[in-house]
Structure formats: structure tokens, C-alpha cells
1. What 222 nm value per residue comes from the helices of the chain, counting each DSSP H run with n ≥ 4 as -39,500 (n - 2.57) and dividing by all residues, nearest 500 deg cm²/dmol?
2. If you keep only loop residues by DSSP, which GluC sites (Glu not before Pro) in the stretch 75-183 have at most 12 other Cβ atoms within 10 Å of their Cβ?
3. Between (i) 52, 40, 36; (ii) 64, 38, 36; (iii) 75, 41, 31, which matches Cα extents along the principal axes in Å calculated for the structure shown?
4. Which is the longest part of the chain that has none of the trypsin sites (Lys or Arg not before Pro) sitting in a DSSP loop with at most 15 other Cβ atoms within 10 Å?
5. State, as an integer percentage, the relative contact order of the chain based on alpha-carbon contacts under 8 Å between residues 6 or more apart.
Amino acid sequence: MAAAKKKSSKAKTDNRSTADKLIDAALALAAERPWRTLSLPEIAEHAKVPIGEALLTLPSRDRIQRALIDRVDRQVFESLKDDPLDGSVKDQLFDILMRRFDALEGHQAALRSMAKDAARDPLGTACTGARFLKSMALSLQAAGVSSEGCSGAAKAKALAVIQLNASRVWMNDDDPGLAQTMAALDKGLARAEKLASGKPGRATPEPEAA
């Protein structure tokens, strides 16, 4: 009786969605091996997901990467309900971009693996990059900056560059407080804000912080 109770206590229900199981499995494997060497069947096996179900959910590594960005978006933007942004536009952008790093905490090795292989797959990188730009546009909107039109697209691209530069630091930042990452992100946003404020005819520089 006691043995049966002990056994049942070890069996925990996995309430994660199929997509989350595949994403987590891919991250775990990518932390140990080059991203390009992973196949969907072994990701599905690691996730304990039937291959047919995996194919119907996230049928490629590129789709898994885009789903990871979706997951980060959900976590970050849902956090605004209980912890809204405040301060200047620069402060709000800094906050929301740091929340993205918080959502990826513990997966630095996997992200390094993905980044190293990005140049080997320009088409896949372009698709993932387009999805990432959408996240940057949403981040601008959350901070009260319009991301519509050509001007908005330019702002999203500029913010993406700032985030990617800080990501390179974050991937190797061993400080629990992420001091180097925060410094890199703050420097990038401050430079963008300074450039925007120096443009002629700009009465209010803050909306152009990105």
C-alpha cells in the first residue's frame, strides 16, 4: 500500500500542450548539440510525443523556432496585466525587452546553438526573422509607439537590432542580475533615442526611441 502510494506520488501529470512539449524538447537537445543536426523525429521522441502528432503541430525546426517566439510573446504581454509598463518610452522598451530575456532564462546554450546555425539556413532565418520583427512591432505598440507603415517598420527593425545586439551579450552573461545584458540594452536604446532626438523637425523625441 505504501509502495503504491509512493509510486503514484512520483507520477506527475504533464499539462503542457503538445507545442510546448516539442519546444522544450528542442531547447533541451539544442543545448547539447548543434541545432542543424536535430530532426523532428528525435525531438518528438525526446518530448514523448507521437511523430504524427508532432507533424500536425510543429512539423519543422523553423516552425518550432517561430512557436518559441509566440510563447515568449504570450508570456511577456500577459505579464503586463499584473505588472504594467511605466516611465518614459525608453524605460518601457527596456522593461519589455528584458522581460523577453527573463522568458528565455536557462536556455542560453540552446539559443547559442540556434544562432550559430542561422547563417547556414538563410531562408529559414528570413522566415524566423520576419516573425521576430512582428514581436518587435508589438513591443513598440506596448510602449505606446506606433509600428504602422514604413516608419513603424523601420522602428521595428531598429529595435530588433538593439535586441539582437543585447542577446549576444545575454547568451554569455553569467551574472544572475544580468548586469552586462542590461548595460548593452540600455546603451542601444540610449543611442537610438539620441539619434532620434537629433533629427530636425522632431519636437518630441521619445516616440522615436526605438
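1. Mean residue ellipticity, 222 nm, calculated: -22000 deg cm²/dmol.
2. GLU105, GLU148
3. Among (i) 52, 40, 36; (ii) 64, 38, 36; (iii) 75, 41, 31, the one calculated here is (iii).
4. 82-201
5. This gives 19 percent for the chain.
Each value in this text was obtained by applying a stated rule to the coordinates, not by laboratory testing. Small disclaimer: the values here were computed from a predicted structure and weren't measured. Neighbour counts run over all protein chains shown; Cβ positions are idealised from the backbone, glycine included.
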